[in-house]
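Colleague: Okay, here's the structure, questions in a sec.
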Amino acid sequence: MLETYVKLTMFLAGATEAVRRRAAARRREDLGLATLEWVALAIVAVTLATGAAVGIRAVIERKISEIP
């Protein structure tokens with residue numbers, strides 16, 4: 001009976017440790033994906049800002065050229 005208890009305890013401890021390792025690996029993976037998402041968002045933001053700056057500059061230059 002004691003041997004069965006020890007084996008069961010060791011098995012459960014191993015299973016718990018395996019779940020803990022998988023959870024840690026999943027968190028690392030999720031952090032990597034989150035970083036990629038932030039990089040993608042930053043690229044989109046810079047692209048939009050650049051487009052807006054070009055458009056605003058064109059409007060300002062057109063308005064300046066209309067001044068007599």
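Colleague: Calculate one ³J(HN,Hα) per residue across the stretch 55-67 by plugging θ = phi - 60° into the Karplus curve 6.51 cos²θ - 1.76 cosθ + 1.60, and present them in order as whole Hz with x for glycine and proline.
Modeller: Once rounded to whole Hz, the list reads x, 5, 4, 5, 5, 5, 5, 5, 5, 5, 5, 7, 5.
Colleague: Say each of Arg27 and Ala52 gets a label point 7 Å from the Cα, pointing the same way as Cα to Cβ; how far apart are those two points in nm?
Modeller: 3.6
Colleague: Of all the accessible heavy-atom surface of the stretch 1-60, with the other protein chains kept in place and a 1.4 Å probe, what percent is carbon and sulfur? Display every interim value, and only then the final one.
Modeller: Numbers: 4020 of 5420 Å².
Its accessible area is 74 percent carbon and sulfur atoms.
Colleague: Read through the labelled values (1) 13.2; (2) 12.2; (3) 17.4 and report the label of the one computed as Kirkwood radius over Cα pairs in Å from the structure.
Modeller: Given (1) 13.2; (2) 12.2; (3) 17.4, the structure-derived one carries the label (3).
The values are calculated or read from the model by the stated rules, or taken from the named source; none is laboratory data. From a predicted model like this one, the values you see are computed outputs, not experimental measurements. Methodologically, a virtual Cβ is constructed for each residue, glycine included, from the backbone with ideal geometry; neighbour enumeration extends over all protein chains shown. Just the protein is used for accessible areas: all its heavy atoms, side chains included, with ligands, DNA and RNA removed. Shrake-Rupley method; radii C 1.70, N 1.55, O 1.52, S 1.80 Å.
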